[in-house]
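**Q** I'd like to ask you about the structure that follows.
Read-outs throughout are calculated quantities, based only on the coordinates presented, and are distinct from any laboratory measurement. All values derive from a computational prediction rather than experimental measurement. Here the Cβ is made from the backbone with ideal geometry for all residues, glycine too, and neighbour counts use every protein chain on show.
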Amino acid sequence: MKTGAAALAVVAAAGTLAKPNIARAQGDGPIKVPALPYADDALAPVISANTVGFHYGKHHIGYATALNAALAGPAKDYAALSLEDIIKTSRANPNRAGVFNAAAQIWNHTFYWNGMKPGGGGEPTGKLKDEIGKAFGDFAKFKEAFARATIGQFASGWGWLAWDEKEKKLVIQATSNAETPLGRGFKPILTIDVWEHAYYLDYQNRRADYVNAVIDKLVNWEFAAKNLG
């Protein structure tokens, strides 16, 4: 069974790791969560090792556990599909909302982890910089709009930079819960997780501080550029 698309296979170099990743047991099942592309403490002080440990080790892997259980039982008709096809197929089926939520959260989280790196931030270059300029005016205006949309997402969800396949331009989206641009005519370029488990141990209710710190200090623009193509 396939467990990831090309976008999830793109992992930008994260530099020399301070220590190896902590091994997590994932149990049996066709869906496996990829290892983090850096050590648990590599994103500190912006995101602590404690947050990464809980977020990746409990939440992210927990979604895979839930999806594998469903694929072994009530959703076994999805077991031969790739993760992306599970997302696209289950989205339209209200009886498979739990399958969609688990699958989309696995995909979204892997994309989120790969979209950050130690010593990240700064500004994009090349084609991505040019497309940001076309869509938003300049990088400063984009950053303000991206932060505003992501911070303003009500309750749990995600902030996205995506490529509109129809209009052929970059767009900013905020999605609720597990929703994702994937399979809706948009190509994900970058995301920031604003579920409370992504930041509450470090920032409590200061979502804005978390979002701005990720943009300024962690964003992996090389990963984003590869997603744009």
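**Q** Sort 184, 91, 207 so that the residue with the fewest other Cβ atoms within 10 Å of its own Cβ comes first and the one with the most comes last.
**A** Values: 184 13, 91 21, 207 18.
With the sparsest Cβ surroundings first, the list reads 184, 207, 91.
**Q** Additional query: Beta carbons within 10 angstrom, averaged per residue: use that to sort the peptides 211-217, 168-174, highest first.
**A** Numbers: 211-217: 19.6, 168-174: 16.7.
Going from most to least packed, we get 211-217, 168-174.
**Q** If we count every other residue with Cβ under 11 angstrom of residue 50's Cβ, Lys/Arg +1 and Asp/Glu -1, where does the sum land? It would help to have the intermediate numbers written out before the result.
**A** Numbers: positive: none; negative: 40, 41, 202.
That sum, taken over residues with Cβ under 11 Å, equals -3.
**Q** Something else about it: List the aspartates and glutamates whose Cα lies under 13 Å from the Cα of residue 117, skipping any in the same chain that are fewer than 8 positions away.
**A** 40, 41, 216, 222
**Q** Among 75, 107, 160, which residue has its Cα positioned farthest towards the positive end of the charge dipole of the chain, with +1 placed on the Cβ of Lys and Arg, -1 on the Cβ of Asp and Glu, and the dipole taken about the Cα centre?
**A** Among 75, 107, 160, the one farthest towards the positive end of the dipole of the chain is 75.
**Q** Let me ask something else. Is there a pair in 129/166; 143/226; 88/129; 88/217; 168/226 whose C-alpha atoms are over 22 Å apart, and which pairs would that be?
**A** Values: 129/166 20 Å; 143/226 19 Å; 88/129 30 Å; 88/217 33 Å; 168/226 16 Å.
Pairs exceeding the cut-off: 88/129; 88/217.
**Q** If you plug each phi of the range 153-162 into the Karplus form 6.51 cos²θ - 1.76 cosθ + 1.60 with θ = phi - 60°, what whole-Hz ³J(HN,Hα) values come out, in order, with x for Gly and Pro?
**A** Each residue's phi maps through the Karplus curve to give 4, 6, 6, 6, x, 9, x, 10, 9, 9 Hz.
**Q** Determine the relative contact order of the chain: mean sequence separation of Cα pairs under 8 Å and six or more apart, normalised by residue count, in whole percent. The partial results should precede the final answer.
**A** Working: 373 pairs, mean separation 53.3, N = 229.
23 percent.
**Q** Of 125, 191, 51, which has the largest mean-square fluctuation in a 10 Å C-alpha GNM of the chain?
**A** Most flexible of the set in this elastic network: 125.
**Q** What's the center-to-center distance, using Cα atoms, between the range 127-169 and the range 82-122 in Å?
**A** Going from one Cα centre to the other spans 19 Å.
**Q** Name the residue from 186, 147, 200 whose Cα lies farthest towards the positive end of the charge dipole of the range 119-211, charges +1 on Cβ of Lys and Arg and -1 on Cβ of Asp and Glu.
**A** The Cα lying farthest towards the positive end belongs to 186.
**Q** Next question, about the same structure. Give me the net charge for the shell around residue 126: Cβ to Cβ below 12 angstrom, other residues only, Lys and Arg +1, Asp and Glu -1. Intermediate values should be presented prior to the final figure.
**A** Working: positive: 127, 129, 226; negative: 123, 130, 131, 222.
Taking every Cβ under 12 Å from that of residue 126, the sum is -1.
**Q** Just to check, using Stokes-Einstein with a Kirkwood Rh over alpha carbon pairs, what's the diffusion coefficient of the range 126-228 at 25 °C and 0.890 mPa s in µm²/s?
**A** Working: Rh = 13.9 Å.
The diffusion coefficient I find is 177 µm²/s.
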